[in-house]
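K.L.:
Please read through the structure below; I'll follow up with questions.
The values are calculated or read from the model by the stated rules, or taken from the named source; none is laboratory data. Since this is a predicted model, take the numbers as computed values, not measurements. Counting neighbours? That spans all protein chains shown, and the Cβs are built from the backbone with ideal geometry, glycine included. Protein only, heavy atoms only, side chains kept; ligands, DNA and RNA dropped before computing areas. Shrake-Rupley method; radii C 1.70, N 1.55, O 1.52, S 1.80 Å.
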Amino acid sequence: MPLAWRLLWRDLRHGELWLLLAALILAVAATTSLRFFSASLEDGLKRQAASLIGADLVLSSSRPLRAESLEEAARLGLVSTTVTEFSSMLQHGDDFQLASVKA
């Protein structure tokens, strides 16, 4: 164990560990700031999308709504629409592109 402490102390004196620590702090700070920026951008886009849809309420689910729910909405005179969204691959010649399809 004393050898490990001496090698650590030697590396600290020569500045090699400080450079590694600085690089690690910079990487964590950059990743965190990009994560917060993308989350903020996504929230803003969702708010704008809700205003473009013009909906008072948006129900989102990975499964279709039950028929009873749609019948109740129609009985109350509510206007509803169904949106389907999925990911797919597009091909043009030899090029492939991942696409998000919303209909």
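K.L.:
Restricting attention to the range 45-58, which residues are modelled with pLDDT under 75 and open to solvent by 100 Å² or more (accessible area, probe 1.4 Å)?
P.N.:
Matches in the range 45-58: Leu52, Ile53, Asp56, Leu57.
K.L.:
Given (1) open to solvent by less than 80 Å² (accessible area, probe 1.4 Å); (2) under 30 Å from Leu8 (Cβ atoms), where does Ala73 come up short, assuming only one miss?
P.N.:
(2)
K.L.:
Next question, about the same structure. Mind checking whether some residue in the range 27-38 is modelled with pLDDT under 80 and out of contact with any Leu (no Cβ under 7 Å at 6 or more places or on another chain)?
P.N.:
No, the range 27-38 has no match at all.
K.L.:
Test of understanding: among Leu90, Leu78, which residue is among the aliphatic types (A, V, I, L, M), within 23 Å of the chain's Cα centre (by Cα) and not in a helix (DSSP H, G or I)?
P.N.:
Answer to the selection: Leu90.
K.L.:
Do we find a residue being modelled with pLDDT of 90 or more, open to solvent by 90 Å² or more (accessible area, probe 1.4 Å) and in a helix (DSSP H, G or I) anywhere in the range 2-16?
P.N.:
No, the conditions are met nowhere in the range 2-16.
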